[in-house]
1. Among (1) under 17 Å from the mean Cα position of the chain (by Cα); (2) within 13 Å of the ligand (Cβ to nearest atom); (3) surrounded by fewer than 18 Cβ atoms within 10 Å (Cβ to Cβ), there is one condition VAL124 misses while meeting the rest; what is its number?
2. With the checklist (1) touching a Ser or Thr at 6+ places or on another chain (Cβ under 6 Å); (2) open to solvent by less than 60 Å² (accessible area, probe 1.4 Å) in hand, flag the one item ASP89 doesn't pass.
3. Identify all residues within the range 60-82 that are open to solvent by less than 30 Å² (accessible area, probe 1.4 Å) and in contact with a strand residue (DSSP E or B) (Cβ under 8 Å, 6 or more places away or on another chain); write none if there are none.
4. In the range 252-285, how many residues are crowded, with 19+ Cβ neighbours inside 10 Å and outside any loop (DSSP other than H, G, I, E, B)?
5. Could you tell me whether any residue of the range 332-346 is within 16 Å of the ligand (Cβ to nearest atom), surrounded by fewer than 22 Cβ atoms within 10 Å (Cβ to Cβ) and charged (D, E, K, R)?
6. Are there any pairs with C-beta distances below 7 angstrom linking a residue in the range 228-251 that is part of a helix (DSSP H, G or I) to a residue that is of a type in the set (Gly, Ala, Ser) and within 16 Å of the ligand (Cβ to nearest atom), with the two at least 6 apart or on different chains, and if so which?
7. Quick one: what pairs do we get from the range 349-372, first residue in contact (Cβ under 8 Å) with a residue 60 or more places away in the chain and closer than 17 Å to LEU28 by Cβ, second assigned to a helix (DSSP H, G or I) and open to solvent by less than 30 Å² (accessible area, probe 1.4 Å), C-beta under 6 Å, 6+ apart or different chains?
8. Anything in the range 328-379 that is touching a Leu at 6+ places or on another chain (Cβ under 9 Å), assigned to a helix (DSSP H, G or I) and farther than 27 Å from VAL232 by Cβ? List them, or say none.
Amino acid sequence: MLRYWTAGESHGKTLLAMVDGFPAGVELETDSIDNELRRRQGGYGRGGRQRIETDKVEILTGIWKNTSLGSPIALQVVNKDYKLERLGDIERPRPGHGDLTGSVKHLSSVRGILERSSARETAVRVAAGALANQLLRAFNIRTIGYVVELGGVRIEPQVIAIDEQYKLRDQSEIYSLDPERDAEIKQLIDDARKDGDTLGGIVEVRVEGLPFGLGTHAQWDRKLDGRIAQAVMAVQAIKGVEIGMGFEAARLPGSKVHDPIQYDESQKGSPNLGFVRPTNNAGGLEAGMTNGQPLVVRAAKKPISTLAKPLESVNLKTKQPESAEYERSDVCALSAASVIVENVVAFEVACALVDKFGGDSLQEMKGRYELFMKMAAEH
Ligand code: EPS
């Protein structure tokens, strides 16, 4: 069973992820993890913190001669802006953040809550996901995340080959698949900044090259759609998750929703085993299992809750009305969210891959994968 936990505070010494159940024999490198960390720090609309940090991963354990050992892997991203001991408490909780609810729940300071609930923690979730992605690549499974809507403005994703999508996304400061619209979208963010406001939006993740049968129909807590929904919903500021057609499927008759099944002999050697679908409204998942089609997940991110023009709040000591606290923040961290959601989805897909093909070693997983593909093709 592949899983991970994280530890660390936004302005504490360090951030850690402990990855358990990662198979032995995977060649690991830090460049691709660092690349994701760099992308997470970027995107238009980020705040001052990202000019202080240059996030880099250290793989502290579970590795020998650049190869995973099958033992727990501890990942570290050190905070340059370590100042937790010097920071005071805040008295005017920010609506939308965990300030009020967390401090009441733990009978604690607000500081103790906001430092852990900050989206800074996603740096090590991205590191864990990017590590998992190195396992996925050994099976030719590829992931991409991009922005499809920002501040209510839709940016239609171009349906083209994934290599072309990577190129377009990496040209866009918004991390959308339409860099030509960057100027228009950046203006929205600039306007929000001028108004002391923040903006959210929607990101989409696609995963290609998935075999049939990751996840299960048989038990609720191992259905892959449920696993993905939990992982994505648990990213800071995410308020909605859709798979495939998502909420739109509720508005249409079945004849316009379900993806017809066709067979194309020429594709029988590919992960879809020749079963092609003219549409992919299911988003690659039927009954909690991958169906050989690309996985498509969307996540809705609310605007960041720290506003330069603060909202109405209450002083926790006096109980008198006062404006919420303002601490340095971002105007829009949606591009970062596209990186985070891509990587948390990658981790869940890797978990499902390990569940299906065994997690002791890459060699064994590959053997079982090949055997399954052969048996499924003959089925
Ligand atoms: C973040 C780092 C934080 C915030 C942001 C995410 O840095 P600091 O608090 O030092 O400015 O910029 O946190 C939030 C959006 C939040 O709501 O807490 C990061 O690295 O992603």
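The values are calculated or read from the model by the stated rules, or taken from the named source; none is laboratory data. Just so it is clear, the model here is predicted, and its values are computed rather than measured. Counting neighbours? That spans all protein chains shown, and the Cβs are built from the backbone with ideal geometry, glycine included. Keep in mind that these areas ignore ligands, DNA and RNA; they rest on the heavy atoms of the full protein, side chains included. Shrake-Rupley method; radii C 1.70, N 1.55, O 1.52, S 1.80 Å.
1. (3) is the only condition that VAL124 fails.
2. (2)
3. Listed by number, the residues that qualify are GLY62, SER68, ILE73, ALA74, LEU75, VAL77, ASN79.
4. 1
5. No: zero hits.
6. Sorted first by the residue in the range 228-251, then by its partner, the pairs are VAL232/ALA299.
7. Close Cβ pairs (under 6 Å, with a partner that is assigned to a helix (DSSP H, G or I) and open to solvent by less than 30 Å² (accessible area, probe 1.4 Å)) amount to ALA350/ALA132; ALA350/LEU135; ALA350/LEU136; MET365/PHE357.
8. Selection gives MET373, ALA376, ALA377.
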